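So the structure is just underneath, and the comments pick up after that.
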Amino acid sequence: MRTRPITPARIEFGAGPGEPPRAPDFGDLYHPRVGAAAQARHVFLGGNGLPARWTGRRHFTILETGFGLGNNFLATWDAWRNDPARCEWLHYVAIERHPPCLADLSRAHAASPWPDLAEPLQRAWPPLVPNLHPIDFEGGRVRLLLALGEVSALLASLPLAADAFFLDGFAPARNPAMWEPRLLRALGRKAAAGATAA
């Protein structure tokens, strides 16, 4: 099977303060106006019962469909870092077809609530080529595996059992390919016992 090249995300940045970045190719916002941090904490962390569910665990694996601007990863890393009962190793796998270029990622993170985490993510940002890009933080205790390419093609090749799913591929009406029943069944086959999704 021939691998399609990566097309970086087209991002339109809002003119005013608090105006979220927009993805014109999908006619959708990257996060609601209440902010990326509020969405990440309420929808994805809260919806998956985190950080409580990783308490006392050696390993905890999260699979995100759609890395976007990385805000869910940064919020998760921040929650892990601030939790004294955190799991020993956090494995975060994110599949993204249209990742931002480094300049846009840096611009999106200019007002990040997690500047001390956004900066090392930007330093480690990989070349935008179809591949699996492992990036280690916290001395290897937090691993981000960026899978750049088509979710349907990459999912089968990922050897993992996810404890939590962050389903974040824009709204179903705007990006139906990320919400097809066939894809959701494939995600289910990657679930560990007791896995949750939000």
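Restricting 65, 61, 7 to residues that are in contact with a Gly (Cβ under 6 Å, 6 or more places away or on another chain) and of a type outside the set (D, E, K, R) narrows the list to 65. Restricted to the range 48-75, and to residues there that are of a type in the set (D, E, K, R) and open to solvent by 10 Å² or more (accessible area, probe 1.4 Å), the residue that is farthest from residue 198 (Cα to Cα) is 58.
Condition first: in a helix (DSSP H, G or I) and of a type in the set (S, T, N, Q). Now tell me which residues in the range 110-124 satisfy that. Reasoning before the result, please.
Initial filter on the range 110-124 (in a helix (DSSP H, G or I)): 115-123.
Result: 122, single match.
Would you mind stating whether residue 45 is outside any loop (DSSP other than H, G, I, E, B), in contact with a Leu (Cβ under 6 Å, 6 or more places away or on another chain) and of a type in the set (A, V, I, L, M, F, W, C)? No, not satisfied. Regarding residue 41, is this residue open to solvent by 50 Å² or more (accessible area, probe 1.4 Å) and more than 17 Å from the chain's Cα centre (by Cα)? Answer is no for this residue. Could you tell me which residue of the range 137-161 is most open to solvent (accessible area, probe 1.4 Å), considering only residues that are modelled with pLDDT of 95 or more and in contact with a helix residue (DSSP H, G or I) (Cβ under 8 Å, 6 or more places away or on another chain)? Checking each candidate, the answer is 138.
Restricting the first member to the range 130-144 and to residues that are farther than 17 Å from residue 117 by Cβ, and the second to residues that are open to solvent by 80 Å² or more (accessible area, probe 1.4 Å) and of a type in the set (S, T, N, Q), the beta-carbon pairs closer than 6 Å and six or more apart or on different chains are 130/3. Considering only residues in the range 76-91 that are over 14 Å from the mean Cα position of the chain (by Cα) and free of Cβ contacts under 8 Å to residues at least 40 places away in the same chain, the one that is most open to solvent (accessible area, probe 1.4 Å) turns out to be 84.
Among the numbered conditions (1) over 28 Å from residue 14 (Cα atoms); (2) part of a strand (DSSP E or B); (3) among the aliphatic types (A, V, I, L, M), the only one that residue 160 does not meet is (2). Does the range 46-60 contain at least one residue that is at pLDDT 85 or above, among the aromatic types (Phe, Trp, Tyr) and at negative phi? Yes; the residues of the range 46-60 include at least one that is at pLDDT 85 or above, among the aromatic types (Phe, Trp, Tyr) and at negative phi. The numbered conditions (1) in a helix (DSSP H, G or I); (2) within 15 Å of the chain's Cα centre (by Cα); (3) of a type in the set (D, E, K, R); (4) closer than 21 Å to residue 135 by Cα are all true for residue 64 except (1). Pairing residues of the range 92-107 that are of a type outside the set (Gly, Ala, Ser) with residues that are in a helix (DSSP H, G or I) and open to solvent by less than 10 Å² (accessible area, probe 1.4 Å), at Cβ distances under 6 Å and at least 6 apart in sequence or on separate chains, gives 92/73.
The values are calculated or read from the model by the stated rules, or taken from the named source; none is laboratory data. In this text the structure is predicted, and so the values were computed from the model without any measurement. FYI the Cβ positions are ideal-geometry reconstructions off the backbone, even for glycines, and counts take in every protein chain you see. Accessible surface areas use protein heavy atoms only, side chains included; no ligands, DNA or RNA. Shrake-Rupley method; radii C 1.70, N 1.55, O 1.52, S 1.80 Å.
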